[in-house]
Amino acid sequence: MTQAATVLFNIGATKAGTTWLYRYLGAHPDCHLRSVKELHYFDALDRDDCDWQIERFTKMRDASSSAKASADYQALIDLLGREGEDSDGYLAYLNDGRDGQNLVADTTPAYALLSSDRFAKMAAIAPDVRFIYILRDPVSRFWSHVRMKAGRRDLDAASVQKWSNRIFWRVARGQKFQ
């Protein structure tokens with residue numbers, strides 16, 4: 001029988017580097033990661049919004065052009081649709097397709113907002129559980145997020161800069177981040 005893999009939780013602030021670490025680990029031969037980056041399993045349980053996550057993942061599954069991603073989304077939908085917490089099912093999801101790799105991981109930045117009680121439960125789901133919490137300079141992270149939001153508007157570089165400034169001033173006046 002294959003030895004249990006180390007379970008890694010990759011947590012952090014938005015725009016702090018969790019996607020980079022997900023891609024880096026996903027390319028490493030000793031790591032097994034599912035094609036869905038942000039699983040939102042534990043925060044969905046704690047906020048009692050599994051139905052909302054299922055709806056969101058269903059849309060993502062339907063929009064996916066990858067058979068592997070569609071299957072991974074469906075397995076996650078099935079897991080979230082179960083009644084109550086299912087740590088064994090969660091671990092089975094992380095390990096599905098694992099071929100002897102030493103590490104499986106869940107990269108969900110939103111876990112940063114979970115309670116210390118939830119972290120203790122997460123730490124107890126396997127014999128070897130690790131947490132990485134990625135931080136970034138707040139000003140640098142904020143500007144990166146602003147540029148990302150402005151860049152989604154599919155504009156030329158000068159217009160992206162104008163939208164970035166507009167977003168910054170909205171936030172500075174206490175208005176909604178858009």
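The values are calculated or read from the model by the stated rules, or taken from the named source; none is laboratory data. Since the model is a prediction, treat every value here as computed from it, not as a measurement. Neighbour counts run over all protein chains shown; Cβ positions are idealised from the backbone, glycine included. Areas reflect the complete protein model, heavy atoms only, side chains present, ligands, DNA and RNA absent. Shrake-Rupley method; radii C 1.70, N 1.55, O 1.52, S 1.80 Å.
So the values come out like this:
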quantity	calculated
Rounded to the nearest 20 debye, dipole of region 46-178 from Cβ charges on Lys, Arg, Asp, Glu	1300
Qualifying lysines (Cα of each under 17 Å from Cα of K37; at least 8 residues distant if same chain)	K15, K59, K68
Which label in (i) 1, 9, 15, 18, 16, 13, 11, 10, 5, 2, 0; (ii) 1, 6, 10, 13, 15, 15, 13, 10, 6, 4, 2, 2, 1, 0, 0, 0; (iii) 1, 8, 14, 16, 18, 16, 12, 7, 4, 2, 0, 0 gives the computed P(r) over Cα pairs in 5 Å bins from 0, in percent	(iii)
Mean Cα-pair separation over length for region 7-159, i.e. relative contact order, pairs under 8 Å, 6 or more apart, %	44
Per residue, in Å², the accessible surface of the chain once ligands and nucleic acids are set aside, probe 1.4 Å	59
Candidate aspartates and glutamates for bridging to K121, where Cα separation is under 18 Å - those fewer than 8 sequence places away on the same chain excluded	D43, D46, D48, E83, E85, D86, D88, D106
Largest-first ordering by accessible area, 1.4 Å probe, given options E55, E38, E83	E83, E55, E38
Among G26, L94, V171 - extreme Cα towards positive end, dipole of the chain, charges at beta-carbon	V171
